[in-house]
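Notes to accompany the following structure.
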């Protein structure tokens, strides 16, 4: 058995559900989230990347999920119709999801453009830095800062939340974004 | 009490996880492992999507390219030792690929034979391209040269996949990146599939004895969506690797003078030489058919592909006017401009007064991640960032066309060379160079056989 296989099996066994949940917050469709996670796992473990730990591997896969999500949405473009189509197979969101703010979190995230959503997910749910997020999504750091800033503002409005951690409150850049 | 956004998002993820149905993780792990193994070198069914550009568009490019050729192109020499390290832990068993010769000859770029490592690690940003070393001149007939299929890394390392000289005018139509199989169309008569691992042609099909037209897209499994015609009859449909017809259910058929493009799950049918109001029709998956609103004052528009705003990007021109680009709405809404006076003004400002007499000629449009790029006849690539044009000059090459892009990187060709240009860094990487033309006006080599960038 190759050295990467035990790591992959362990990641699926221990973190698969968390990865699906993370992907679901991007896609808002469990089926799409499953596909996204599977494809990202395959891509992550069929390339040259070598992982030192489960945490390392999970962070890598989360970046791949966000990147692939943005790519897939760009290809389909017409994602708004999909966002409105809520069809979740055998899935009921937890009460916590529905109770926060004026709308549920998944719906609030769905209101964000795909790139903004992916940036927010990487920064807040995958603990990626601005540079790492930019690298994962192949964006400039200025663009990531802008998207995260836009996302924070929109989510705070919709969910009634705040961001007090300076590390997680990128300042909207002035001037060019490139 | 006001909550921290990070806490709320974390709670939402945790709650979502708790609400998920049960998964069989053993089966899941086996499935993912199997796919990862296959992708590491074995043949396997998979997915992908890349389309060939049209003969009509290439004709325009060829015309513009021929007319504007003048730039010097430095050669990038590949080095196996410069290739990325296979693994920090070493001892990686790369899949075996067949040994093959490296074609040498006047005008051909330096390359090495395809390696197992390159084969297995070719991923996003890698490029498959055909280079034709035919000698060309403004004053005499071309002299046939070698035609070679290369796999090129994002760093510009070239690996020869196959020599295609026995085919007259091979064009790379599609690339199944999961199975590493290329679909190549030879001129107007023959289509063939080529396995990258073996370097061998696996199937060949003379699709038209009288000369037709074909383009292709990869489809899941060992299937392809072929569009084209022979003797005026459409060929459109799903075909297997050995070119057995499977079905044409749900596929909008084209034909001579008709182009069909996929924009997401919508098929757009364009009919040449129809009035603008009749040219473009969108066929939605739910069966609805929509006449797309034309661009008013333009006499003709040509489809380029999906646009950043979710519609169809079209190239339009009016008599005596520069080419402009527009977005056509798939639901029949009004067309919106992609090129604006601000874009043209930015190009002109960046040109430093070196624009040709006809002004900025925009020859290509490509999506590259969340960027849209316009290629101009001036040595520049114009990237539109949400309405704010950014013009980046490329001192080395005169850009004429783009073959697509991924993640902010555009695959660009000029008169012969092929290179990538990164929107964020502005860095260009030469993938296929051509030598400087001699005093006799003869030059050798061109990336005329098409190129595809791994999505």
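The values are calculated or read from the model by the stated rules, or taken from the named source; none is laboratory data. Everything numeric here is computed off the predicted structure, so don't read it as measured data. So basically every Cβ, Gly included, is an ideal-geometry build from the backbone, and we count neighbours across all protein chains shown.
Which of the residues spanning the stretch A:131-142 are in a helix (DSSP H, G or I) and closer than 12 Å to residue A:118 by Cα?
Looking only at the stretch A:131-142, we keep the residues that are in a helix (DSSP H, G or I), and these are A:131-137, A:141-142.
A:133, A:134, A:136, A:137 - these are the residues of the stretch A:131-142 that are in a helix (DSSP H, G or I) and closer than 12 Å to residue A:118 by Cα.
For the stretch A:147-157, what are the residues that are surrounded by 21 or more Cβ atoms within 10 Å (Cβ to Cβ) and more than 10 Å from chain B (Cβ to nearest Cβ)?
Passing the criteria: only A:148.
Could we say that residue A:10 is assigned to a helix (DSSP H, G or I), at pLDDT 85 or above, surrounded by fewer than 20 Cβ atoms within 10 Å (Cβ to Cβ) and out of contact with any strand residue (DSSP E or B) (no Cβ under 9 Å at 6 or more places or on another chain) here? Can you show your working first?
Working: assigned to a helix (DSSP H, G or I): yes; at pLDDT 85 or above: yes; surrounded by fewer than 20 Cβ atoms within 10 Å (Cβ to Cβ): yes; out of contact with any strand residue (DSSP E or B) (no Cβ under 9 Å at 6 or more places or on another chain): yes.
For residue A:10, the condition - assigned to a helix (DSSP H, G or I), at pLDDT 85 or above, surrounded by fewer than 20 Cβ atoms within 10 Å (Cβ to Cβ) and out of contact with any strand residue (DSSP E or B) (no Cβ under 9 Å at 6 or more places or on another chain) - is met.
Among the residues of the stretch B:206-216, is there at least one that is without any contact (Cβ under 8 Å) to a residue 40 or more places away in the chain, within 29 Å of residue B:98 (Cβ to Cβ), more than 22 Å from the chain's Cα centre (by Cα) and in a strand (DSSP E or B)?
Taking the stretch B:206-216 first, the residues without any contact (Cβ under 8 Å) to a residue 40 or more places away in the chain are B:206-212.
So of that shortlist, the ones also within 29 Å of residue B:98 (Cβ to Cβ) come out as B:206-207.
Remaining after also requiring more than 22 Å from the chain's Cα centre (by Cα): B:206-207.
Within this subset, residues satisfying the condition of being in a strand (DSSP E or B) are B:206.
Looking for residues that are without any contact (Cβ under 8 Å) to a residue 40 or more places away in the chain, within 29 Å of residue B:98 (Cβ to Cβ), more than 22 Å from the chain's Cα centre (by Cα) and in a strand (DSSP E or B), one finds at least one in the stretch B:206-216, hence yes.
Residues in the stretch B:436-450: is at least one in a strand (DSSP E or B), modelled with pLDDT of 75 or more and away from every other protein chain (no Cβ under 11 Å)? Give the steps one after another, and end with the answer.
Let us first name the residues in the stretch B:436-450 that are in a strand (DSSP E or B), namely B:442-446.
Applying the additional criterion that residues be modelled with pLDDT of 75 or more yields none.
No - not one qualifying residue is present in the stretch B:436-450.
On the basis of being within 7 Å of chain B (Cβ to nearest Cβ), surrounded by fewer than 23 Cβ atoms within 10 Å (Cβ to Cβ) and under 16 Å from residue B:27 (Cα atoms), does residue A:34 make the cut? Walk me through how you get there before you give the answer.
Details: within 7 Å of chain B (Cβ to nearest Cβ): no; surrounded by fewer than 23 Cβ atoms within 10 Å (Cβ to Cβ): yes; under 16 Å from residue B:27 (Cα atoms): yes.
Spelling it out, it is not the case that residue A:34 is within 7 Å of chain B (Cβ to nearest Cβ), surrounded by fewer than 23 Cβ atoms within 10 Å (Cβ to Cβ) and under 16 Å from residue B:27 (Cα atoms).
Checking the conditions here, which among B:192, B:226, B:183 is assigned to a strand (DSSP E or B) and surrounded by fewer than 22 Cβ atoms within 10 Å (Cβ to Cβ)? Reasoning before the result, please.
Working: B:226 fails: surrounded by fewer than 22 Cβ atoms within 10 Å (Cβ to Cβ); B:183 fails: surrounded by fewer than 22 Cβ atoms within 10 Å (Cβ to Cβ).
One residue alone meets the criteria, B:192.
May I ask you to list the residues in the stretch A:1-31 that are within 18 Å of the chain's Cα centre (by Cα) and within 8 Å of chain B (Cβ to nearest Cβ)? Before the answer, list the steps.
Initial filter on the stretch A:1-31 (within 18 Å of the chain's Cα centre (by Cα)): A:11-12, A:15-31.
Matches in the stretch A:1-31: A:12, A:16, A:17, A:18, A:20, A:21, A:22, A:24, A:25, A:30.
If a residue must be within 14 Å of another protein chain (Cβ to nearest Cβ) and in contact (Cβ under 8 Å) with a residue 40 or more places away in the chain, how many such residues does the stretch B:258-275 contain? Walk me through it before giving the result.
At the first step, the residues of the stretch B:258-275 found to be within 14 Å of another protein chain (Cβ to nearest Cβ) are B:261-268.
Then keep just the ones that are in contact (Cβ under 8 Å) with a residue 40 or more places away in the chain; that gives B:261-264, B:266, B:268.
Residues in the stretch B:258-275 being within 14 Å of another protein chain (Cβ to nearest Cβ) and in contact (Cβ under 8 Å) with a residue 40 or more places away in the chain: 6 in total.
Can you find even one residue in the stretch A:97-104 that is in contact with a helix residue (DSSP H, G or I) (Cβ under 7 Å, 6 or more places away or on another chain), modelled with pLDDT of 80 or more and in a helix (DSSP H, G or I)? Steps first, please.
The first filter runs over the stretch A:97-104 and keeps only residues in contact with a helix residue (DSSP H, G or I) (Cβ under 7 Å, 6 or more places away or on another chain), leaving A:97, A:100-104.
Retained after the next criterion (residues that are modelled with pLDDT of 80 or more): none.
No; the residues of the stretch A:97-104 include none that is in contact with a helix residue (DSSP H, G or I) (Cβ under 7 Å, 6 or more places away or on another chain), modelled with pLDDT of 80 or more and in a helix (DSSP H, G or I).
How many residues, within the stretch A:117-129, are touching a residue at least 12 places away in the same chain (Cβ under 8 Å) and either surrounded by fewer than 21 Cβ atoms within 10 Å (Cβ to Cβ) or within 18 Å of residue B:16 (Cα to Cα) (or both)? Full working, then the answer.
From the stretch A:117-129, those touching a residue at least 12 places away in the same chain (Cβ under 8 Å) are A:117-128; that's our starting set.
Cutting the leftovers down to either surrounded by fewer than 21 Cβ atoms within 10 Å (Cβ to Cβ) or within 18 Å of residue B:16 (Cα to Cα) (or both) gives us A:117-118, A:120-122, A:124-127.
Total meeting the criteria: 9.
Here is a yes/no grid of residues against (1) modelled with pLDDT under 50; (2) surrounded by fewer than 19 Cβ atoms within 10 Å (Cβ to Cβ):
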residue: B:74; (1), (2): yes, yes
residue: B:77; (1), (2): yes, yes
residue: B:90; (1), (2): yes, yes
residue: B:95; (1), (2): no, yes
residue: B:102; (1), (2): no, yes
residue: B:105; (1), (2): no, yes
residue: B:111; (1), (2): no, no
residue: B:130; (1), (2): no, no
residue: B:135; (1), (2): no, yes
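I'm trying to understand the selection: among the residues of the stretch B:98-123, which are farther than 27 Å from residue B:417 by Cβ and touching a residue at least 60 places away in the same chain (Cβ under 8 Å)?
If the condition is that a residue be farther than 27 Å from residue B:417 by Cβ and touching a residue at least 60 places away in the same chain (Cβ under 8 Å), then B:98, B:116, B:120 are the ones that fit.
Select from the stretch B:5-32 the residues that are within 7 Å of chain A (Cβ to nearest Cβ) and not in a helix (DSSP H, G or I) and write down the one among them that is nearest to residue A:155 (Cα to Cα).
My answer is B:20.
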